[in-house]
1. Which is surrounded by 19 or more Cβ atoms within 10 Å (Cβ to Cβ) and modelled with pLDDT of 95 or more, of B:Ile198, B:Ile156?
2. So, A:Gly109, is that one free of Cβ contacts under 8 Å to residues at least 60 places away in the same chain and more than 15 Å from the chain's Cα centre (by Cα) or not?
3. Yes or no: A:Pro130 part of a loop (DSSP other than H, G, I, E, B) and within 16 Å of the chain's Cα centre (by Cα)?
4. From the residues in the range B:96-110 that are aliphatic (A, V, I, L, M) and within 9 Å of chain A (Cβ to nearest Cβ), which one is surrounded by the most Cβ atoms within 10 Å (Cβ to Cβ)?
5. Listed residues A:Glu208, A:Glu138, A:Glu197; which is within 14 Å of chain B (Cβ to nearest Cβ), farther than 25 Å from A:Val89 by Cβ and among the acidic types (Asp, Glu)?
6. When the range A:204-219 is examined, which residues are found to be buried (at least 19 other Cβ atoms within 10 Å of the Cβ) and hydrophobic (A, V, I, L, M, F, W, C)?
7. Do we find that A:Leu185 is crowded, with 21+ Cβ neighbours inside 10 Å, within 14 Å of another protein chain (Cβ to nearest Cβ), touching a residue at least 40 places away in the same chain (Cβ under 8 Å) and outside any loop (DSSP other than H, G, I, E, B) in this structure?
8. Would you check if A:Leu11 is aliphatic (A, V, I, L, M), more than 14 Å from every other protein chain (Cβ to nearest Cβ) and without any contact (Cβ under 8 Å) to a residue 12 or more places away in the chain?
Amino acid sequence: MSNGIHPFASLLAAVARGISGVQVQWAGCEPDERQRIYFANHSSHLDFVVLWSALPSEIRAKTRPIAAKDYWEETPLRRYIAANVFHAVLLERGMMAKARSPEEARFVGRSLIEEMASALGTENSLILFPEGTRGTGEKVGPFRAGLFHLALRCPKVELVPAYLENLNRILPKGEFLPVPMLSLLTFGKAIQVGPKEEKDAFLERAREAVISLRRIGPG
Amino acid sequence: MLQAFHDTKLLYLYGGVLLLLVTLTLTGRALKGRRKTAASRATIDNLNARISAWWKMCALFTAAVIVGHVGALVLFGIISFLAMREYMTLVPTRPSDHLTLFWGFFVIMPLQYCSIGLHWYGVFAVMIPALAFTFVPTSIAIEGDTASFLERSAKIQFGLMVCVYCLSHAPALLLLKIPGFQGHAARLLLYLAVVDQISDALQYVWGKLVGRNKIAWRVSPSRTWEGLAGGILSATALGTALWWATPFTPLQSAGMAFTICVFGFAGGLVMSALKRDIGIKDFGVVVEGHGGILDRIDSLCFAAPIFFYLVWYYFTL
C-alpha cells in the first residue's frame, strides 16, 4: 500500500476544517511521528476527517482510520473514499455477535485484532472510535473491547485520547447538510494498559480519559 | 477600481485613522512594558486587543474600498457569517433545529447580501424582520419538536437580526444615492465605524478615569454613567468635527454621531447581558483563536440600521 496523501484527501480535509472551524489543542502530548492509536468520541461523519486533518502532514500520511466495512462498502463512491483516499482499515461489524460458539467468537475477535495490528505495521498509526458507532454527542457511549486487545497486542504503540466537541451539531448522525458552527479538538495524555488491569476497568478508564478532555460541555 | 482613492476627503479621513492607529499602537506598546498591578495589566491588555482588532478592521475596510461595492458586500457577508457562527456555537440549540440553522446560514444570509447588491431594497429591508421571522418558527414547528419552542425560535431569529440584518446596513450605506454626494459613500461607512468604535473606547477610558456609578453591575461591571456620558460626549464632539467628510452640516453631524454613540452603547450592553446569560465573559474566550468578532462589532450592529435609515430618510428622499 502506498502511503502518499491522496489529493482528494487533502481537499476533503480542508473542506472539513473550513466547515468545522476546528480549533486544535494538544493538551497532554505533542504531535509526534511515533506510532499511535488515536481514540476519540464519535458523533459525526466529520470526526475522522477533522481529527486526521489536525495532524501534521508527515504524520497524516501514515495515519489510517478504522471504519465499518458494511457502511463504507455500500456504494462505489464510499468504497473509493475508504480504500483509495484515506486507506481506511475496514472491519466487519457484528461478527462477534453472529458467532455460534465462544471459540468462534474468540477466533473472530483475534482475527480482527490481527487485521488492525497488521495495518499498524511498524510505522503506521490508527484512528479509532471505540464506541463503534456514532452517538448523539450528548454522552460518550461504552467502549468496545477492541481497543484493549489491540493495546495488549501492540504494547509499544501509544494510546492517545482525543475529544471532538460540537461536531454533532455541525453534521449530526442522519443529517446530510452541515451547519458551520465552531468545534474543538483536544488531544490528551497517552494512557497505557496497567499490569494486570482488567478489560472493563481499562475500557472505562480510556472512556474517562476521552470525556475529561471536554471543554464546553454538552449543549 | 481605485476610484475611491481619488477622493481627497476620504484620504484625509483615512490618513487620520491611520495616524491615530499608529499613535495608539506605539502608546500601547510603551504601556505594556510598564504595567504593574493585575488590574492595570487587564486594562492595558484590553486596550491592546482593541487596537489590534482596529488594525484588522482598517485592513478590511481598505480591501472593501479597493475592490468596490461587490467586494464590500462579500467582506461584510463574511463578517456576518463569522459572527453568526460564533453566536450559534455558544447559544444552545437542539438537534431538531439543524435544518432551520442550515437555511439561516446558507439561504437567508446570502440572500440578504445579494439583495443589497441587486438593489432590491424592499427585500433587504423586510426579508429578515418579516419573512425569516415567520419562516424560522414554521420550520422548527415542521420538525415537530416542541420543547422550548419559543426560546429556540427567538434565539435563531435574534442571531439573524443582529449578525445579518443589522450588520448588513453598514455596507448598504455604500449604495445610497445621496444627491451631491455620489461616489463618496465610502466616507459614510468609515464615519460610522470611526464614531462607533471611538465611542466604545472612550466610554471605557472615561469609565476607568472617573467612573463611579455602575449602570447595571450585573450585566457589565465596567460600564458606568460617568463613562457613558464622557464617552458619548467626546465621541459626539469628534463626530461633529468630522462633518466635512459627510453630507451633513456640523449640527446634523453632531446629531448623527450622538445617535450612533447611543445605539452603539445599547448594542454593547445588550450583548453583554446575553453573554452573562450564556455564562461567558467574551465570545472570544470559549473558542480562542476564532472568537471575539461579535465582541468587537456588537455596537456597530446596533448603530448601523438607525444610521442607515436616518441618512436614507433625510438625505436621499
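The values are calculated or read from the model by the stated rules, or taken from the named source; none is laboratory data. Nothing here was measured: the structure is a model prediction, and the numbers come from that model. Here Cβ is always computed from backbone atoms with ideal geometry, including for glycine, and neighbour counts include all displayed protein chains.
1. Values: B:Ile198 fails: modelled with pLDDT of 95 or more.
The unique qualifying residue is B:Ile156.
2. So A:Gly109 fits the description; yes.
3. Spelling it out, A:Pro130 is indeed part of a loop (DSSP other than H, G, I, E, B) and within 16 Å of the chain's Cα centre (by Cα).
4. First, pick out the residues of the range B:96-110 that are aliphatic (A, V, I, L, M): B:99, B:101, B:107-109.
Subset that is within 9 Å of chain A (Cβ to nearest Cβ): B:99, B:101.
Details: B:Leu99: 16, B:Leu101: 24.
Applying the filter and picking the extreme gives B:Leu101.
5. Exactly one residue qualifies, and that residue is A:Glu138.
6. A:Ala206, A:Ala209, A:Val210, A:Leu213
7. yes
8. Against the criterion (aliphatic (A, V, I, L, M), more than 14 Å from every other protein chain (Cβ to nearest Cβ) and without any contact (Cβ under 8 Å) to a residue 12 or more places away in the chain), A:Leu11 qualifies.
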